[in-house]
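What follows draws every value from the coordinates through simple rules; no lab data is involved. Since the structure is predicted, the reported quantities are computational estimates derived from the model, not experimental observations. Here the Cβ positions follow ideal geometry from the backbone for every residue, glycine too, while neighbour counts run over all protein chains shown.
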């Protein structure tokens, strides 16, 4: 995976053009997810997601804020899918493990030249539920379920995530505190 020059961001958008965004860094990884939830959400055999730190994903003016919808995941904790408020195409999502600190951009929403720039999937995940008629490229990394990123990602991506990790930890601690406070308020109301 080559580094992306900041002066040339990867651009994309929804089907109607109401939402336009740019990625100012190359993805950490590209997931080709074959889970039943992604199949149902996309109406296809799989979802193709480019994973990157959320600060590297920006809306282009005059794009409106996307509509965020919670949808089921295998973990049981919903993912938050960002959709265009006009055409409802999913442009990216955030999963509970890192919340809004990390974005999973739908590769299909990238402009054609950007789709080619991100390259092939880093890994095919949840292949236990892959449709039977679909073959995978020879030599592709294939996992029945999820995977250990230390065994799959390249050195550059792992180093980038390590530098960014304190942001994720801070977000998790904030969420845990909010949940604890909310539980305390519920207990107070019950008394």
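Remarks
- Rounded to 5, percent antiparallel among DSSP beta bridges of segment 10-190: 90
- Zone of residue 173's modelled label, taken as backbone nitrogen in segment 72-98 under 19 Å from a point 7 Å along Cα→Cβ: 97-98
- The stretch between residue 77 and residue 115, if pulled fully straight at 0.36 nm per residue, gains 10.8 nm over its current Cα-Cα span.
- Extension reserve of the residue 67-residue 42 stretch, reckoned as 0.36 nm per residue once the Cα distance is removed: 7.3 nm
- In degrees, nearest ten, helix 155-190 long axis to first principal axis of the chain (Cα): 30
- GNM flexibility winner over the chain from 160, 80, 20 (Cα, springs under 10 Å): 160
- Segment 10-190 shape via C-alpha gyration tensor axes, a/c threshold 1.5: rounded
- Cα-projected label distance for residue 181 with residue 151, points at 7 Å along beta-carbon direction, nm: 4.0
- Ellipticity at 222 nm from helices only: DSSP H runs of n ≥ 4 in the chain, each -39500 (n - 2.57), divided by the residue count, give -9000 deg cm²/dmol.
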